Amino acid sequence: MLVNPYADQLSVFAGTRILTTDFGLVGTDIIDQANERRVWTVTSVYAPIPERCLGGVRVKLVDQKGFVTFCNQRDFEVMLGMAKPGDFCRWTGREYPHPHDDAWIGFCVDKIDIQDDLYERELALRAENPILPSPSDIVQRIHPNMTRDYEEFWTLRGDYDFETGIGPDTRIETLYERWSRVSRDWFDWMKV
């Protein structure tokens, strides 16, 4: 078990959901179960989302073509070999599923994961320039599930709070006010 997300104290970097500890996971490579030519590398570890039916930390991974995906702690523990399907998971109170079971989620991305990745990309831009110049653009390559991949193009609307006009606005809560999605294109990973 990486951590008991319900009992252990987890801290994040201020203003983000990125955990201050990565449990030694950053840099770990995982071969994709559906495509052995696709290798995922852990880049960061995120705090659990309380509203989710499956809690636990979230692991962000990037493949060799720059696509991003996330994995829940329970399934990632199986991928790492820390647990075997059928073992009892103390923090969920259930057995670990097998990758072919209906309970298996594996690599998956939802709106919160996309927001976290977009915000992390914005932070990288701010490291170069604390006040984001307009125009600024971000491209996200996303692997939302086992069968599809897409690329989104985002453009900066403005680096300020649209209610008050005060900037720069660095809050994750107002991220989608600053950035506007221009396009989404679906890809066949093998052809990219």
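The values are calculated or read from the model by the stated rules, or taken from the named source; none is laboratory data. Computed from a predicted structure; not experimentally measured. Every residue, glycine among them, receives a Cβ derived from its backbone with ideal geometry; neighbour counts consider all protein chains shown.
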Query raised in the report: Can you tell me which residues in the stretch 117-139 are acidic (Asp, Glu), crowded, with 17+ Cβ neighbours inside 10 Å and out of contact with any strand residue (DSSP E or B) (no Cβ under 6 Å at 6 or more places or on another chain)?
Result: GLU120, GLU122
Query raised in the report: Restricting the search to the stretch 103-137, which residues are under 27 Å from ALA34 (Cβ atoms) and assigned to a strand (DSSP E or B)?
Result: PHE107, CYS108
Query raised in the report: Just one of the numbered conditions (1) in contact (Cβ under 8 Å) with a residue 40 or more places away in the chain; (2) farther than 17 Å from PHE107 by Cβ; (3) not hydrophobic (A, V, I, L, M, F, W, C) is not true of ASN35; which one?
Result: (2)
Requested in this report: Take the residues in the stretch 34-63 that are crowded, with 21+ Cβ neighbours inside 10 Å and part of a loop (DSSP other than H, G, I, E, B), then tell me which one is farthest from the chain's Cα centre (by Cα).
Outcome: GLY56
Query raised in the report: Inside the stretch 148-177, can you point out the residues that are surrounded by 16 or more Cβ atoms within 10 Å (Cβ to Cβ), touching a Phe, Trp or Tyr at 6+ places or on another chain (Cβ under 8 Å) and in a loop (DSSP other than H, G, I, E, B)?
Result: ASP169
Query raised in the report: Is it the case that the stretch 64-75 has a residue that's more than 22 Å from THR20 (Cα to Cα), part of a strand (DSSP E or B) and out of contact with any Gly (no Cβ under 8 Å at 6 or more places or on another chain)?
Result: yes
**Report entry** Odd one out for GLU152 among (1) farther than 30 Å from GLN9 by Cβ; (2) charged (D, E, K, R); (3) modelled with pLDDT under 95; (4) under 16 Å from the mean Cα position of the chain (by Cα)
**Finding:** (3)
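Mind checking which residues of the stretch 113-122 are under 11 Å from the mean Cα position of the chain (by Cα) and either of a type outside the set (A, V, I, L, M) or farther than 16 Å from ARG181 by Cβ (or both)?
Here is the first cut: in the stretch 113-122, the ones under 11 Å from the mean Cα position of the chain (by Cα) are 113-120.
If the condition is that a residue be under 11 Å from the mean Cα position of the chain (by Cα) and either of a type outside the set (A, V, I, L, M) or farther than 16 Å from ARG181 by Cβ (or both), then ASP113, GLN115, ASP116, ASP117, TYR119, GLU120 are the ones that fit.
Of all residues in the stretch 76-96 being in contact (Cβ under 8 Å) with a residue 24 or more places away in the chain and not in a loop (DSSP other than H, G, I, E, B), which is farthest from THR20 (Cα to Cα)?
Just the residues of the stretch 76-96 that are in contact (Cβ under 8 Å) with a residue 24 or more places away in the chain, to begin with: 76-77, 79-80, 82-83, 89-92.
Still in the running and not in a loop (DSSP other than H, G, I, E, B): 76-77, 79-80, 89.
Working: PHE76: 19, GLU77: 19, MET79: 23, LEU80: 21, CYS89: 24 Å.
So the residue we want is CYS89.
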Report summary line: Those residues of the stretch 22-33 which are surrounded by 12 or more Cβ atoms within 10 Å (Cβ to Cβ) and not aliphatic (A, V, I, L, M) amount to ASP22, PHE23, THR28, ASP32, GLN33
Report task. Name the residue, out of TYR119, TYR160, that is free of Cβ contacts under 8 Å to residues at least 40 places away in the same chain, out of contact with any Cys (no Cβ under 6 Å at 6 or more places or on another chain) and among the hydroxyl-bearing types (Ser, Thr, Tyr). Result -> TYR160
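Evaluate the stretch 93-114: report whether one residue or more is among the aromatic types (Phe, Trp, Tyr) and within 22 Å of VAL139 (Cβ to Cβ).
Taking the stretch 93-114 and keeping what is among the aromatic types (Phe, Trp, Tyr), we get 96, 104, 107.
Filter again for within 22 Å of VAL139 (Cβ to Cβ), leaving 107.
Checked against the condition, which is being among the aromatic types (Phe, Trp, Tyr) and within 22 Å of VAL139 (Cβ to Cβ), the stretch 93-114 yields at least one hit.
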